[in-house]
Amino acid sequence: MQNIIKENKKNIIIIIILLTLVICLTIFINLKNSQNTVLINSYVSKLEKKNLKLDNSPCDLDNVLKYNNIPYFNLKNDIYDKLNEEILTEFLLRTCYQGGFVDYEASLNNNILSVALNISYDTDDDLAYLEYKTYNVNIKNNTIMNNNEILNLYNLNTTQVENKVLSKLTEYYEYEKKMNYISNMSFNEYLKILKYTNITTNNMNLYIDDKNDLYIFKDYTLSEGMSIDEDYPYITIKFKLN
């Protein structure tokens, strides 16, 4: 009986130790994430009216800023001023003149600040359009990194990126055929329906997330079957590359 009690005590102590470790680890992770968020916000945060110097703006700025998350680089430097000006131009075009919406995500890894803009707006034919723009900034030397520099960090080239994206789109193609959403057509014909364009170094929108994984945002137009189907949850425009 005493042995049973002793054994139970040992098990209880082990359980308490494990629970303590789990709690400490959870606190550490949450603290680290919180600190990382604060650090990122010191570099880039949501655009506010005080950041703007606009006279006679065609927009209701209060309303636009309320419903849009537009990134603003907080550092004072010619590089960041240029980025803010470019983003502001896009923001005015999409939200003021095309009734669009802007959102963004940002992460910081190994001195690389990645910012991805998600821009949606209506076209002349009343179709919703999504557009993506990414920026990768080396905050150590305040330079904008080009796509080749980012790919080299992950030992990737343009052909490999293209193949990874096409591999995913092949899954969509096979699924649509299986569901009889598309007629008997080749994969290349299917890509034409999606209005898919080949990936080049110049048109890549690369983004490094908070886990240091590399993604590419790739625009294409889903065919009608894929757009309305709820049984295929993996439709994406954000393709993981590593």
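Which members of the range 58-78 meet the condition of being hydrophobic (A, V, I, L, M, F, W, C), in a loop (DSSP other than H, G, I, E, B) and surrounded by fewer than 19 Cβ atoms within 10 Å (Cβ to Cβ)?
Step one: of the range 58-78, the residues hydrophobic (A, V, I, L, M, F, W, C) are 59, 61, 64-65, 70, 73, 75.
Checking which are in a loop (DSSP other than H, G, I, E, B) leaves us with 59, 70, 75.
Across the range 58-78, the qualifying residues are C59, L75.
Out of everything in the range 118-143 that is modelled with pLDDT under 80 and touching a Leu at 6+ places or on another chain (Cβ under 9 Å), what residue ends up being nearest to Y72 (Cα to Cα)?
From the range 118-143, those modelled with pLDDT under 80 are 120-130; that's our starting set.
Remaining after also requiring touching a Leu at 6+ places or on another chain (Cβ under 9 Å): 120-121.
Details: S120: 18, Y121: 20 Å.
Step by step, filter the range 118-143, then rank; the result is S120.
When both residues are 6+ apart or on different chains and their Cβ atoms are under 7 Å apart, which pairs have a first residue that lies in the range 213-229 and is under 16 Å from S183 (Cβ atoms), and a second that is buried (at least 16 other Cβ atoms within 10 Å of the Cβ) and among the β-branched types (V, I, T)?
Here the result reads S223/I182; S223/I193; G225/I182, each pair linking the range 213-229 to a residue that is buried (at least 16 other Cβ atoms within 10 Å of the Cβ) and among the β-branched types (V, I, T).
Suppose we keep only residues that are loosely packed, with under 15 Cβ neighbours inside 10 Å and not aromatic (F, W, Y) within the range 79-97. Which one would you say is nearest to the chain's Cα centre (by Cα)? Walk me through it before giving the result.
Applying the first criterion (loosely packed, with under 15 Cβ neighbours inside 10 Å) to the range 79-97 yields 81-82, 85-86, 89, 93, 97.
Still in the list and also not aromatic (F, W, Y): 81-82, 85-86, 89, 93.
Details: D81: 22, K82: 21, E85: 21, E86: 19, T89: 20, L93: 21 Å.
Looking at the filtered set, the residue picked out is E86.
Looking at N203, N155, can you tell me which residue is in a loop (DSSP other than H, G, I, E, B) and modelled with pLDDT under 95?
On the way: N155 fails: modelled with pLDDT under 95.
Of the residues listed, the single one that is in a loop (DSSP other than H, G, I, E, B) and modelled with pLDDT under 95 is N203.
Output yes when any residue across the range 138-158 is more than 20 Å from the chain's Cα centre (by Cα) and of a type in the set (D, E), and no when none is.
No, there is no match, as no residue in the range 138-158 is more than 20 Å from the chain's Cα centre (by Cα) and of a type in the set (D, E).
Is it true that I228 is farther than 21 Å from Y104 by Cα, surrounded by 15 or more Cβ atoms within 10 Å (Cβ to Cβ), among the β-branched types (V, I, T) and out of contact with any strand residue (DSSP E or B) (no Cβ under 7 Å at 6 or more places or on another chain)?
Numbers: farther than 21 Å from Y104 by Cα: yes; surrounded by 15 or more Cβ atoms within 10 Å (Cβ to Cβ): no; among the β-branched types (V, I, T): yes; out of contact with any strand residue (DSSP E or B) (no Cβ under 7 Å at 6 or more places or on another chain): yes.
So I228 fails the test.
Output the number of the condition that E174 fails; it satisfies all remaining conditions of (1) modelled with pLDDT of 90 or more; (2) surrounded by 13 or more Cβ atoms within 10 Å (Cβ to Cβ); (3) of a type outside the set (A, V, I, L, M).
(2)
Taking N163 as the residue in question, decide whether it is assigned to a loop (DSSP other than H, G, I, E, B) and not charged (D, E, K, R).
Details: assigned to a loop (DSSP other than H, G, I, E, B): no; not charged (D, E, K, R): yes.
Here the answer is no, as N163 does not meet what is asked.
Quick one: in the range 218-242, of everything that is under 21 Å from the mean Cα position of the chain (by Cα) and outside any loop (DSSP other than H, G, I, E, B), which residue is nearest to V165 (Cα to Cα)? Reasoning before the result, please.
Step one: list which residues in the range 218-242 are under 21 Å from the mean Cα position of the chain (by Cα), which gives 218-222, 227, 232-242.
Subsequent filtering for residues that are outside any loop (DSSP other than H, G, I, E, B) retains 227, 238-240.
Numbers: S227: 18, K238: 9, F239: 6, K240: 9 Å.
Step by step, filter the range 218-242, then rank; the result is F239.
Select, from L169, L156, the only residue that is under 14 Å from L206 (Cα atoms), out of contact with any strand residue (DSSP E or B) (no Cβ under 7 Å at 6 or more places or on another chain) and touching a residue at least 24 places away in the same chain (Cβ under 8 Å).
Numbers: L169 fails: under 14 Å from L206 (Cα atoms).
One residue alone meets the criteria, L156.
The values are calculated or read from the model by the stated rules, or taken from the named source; none is laboratory data. As the structure is a computational prediction, the values presented were derived from the model and not from experiment. Cβ: placed from backbone, ideal geometry, glycine included. Neighbour counts: every protein chain shown.
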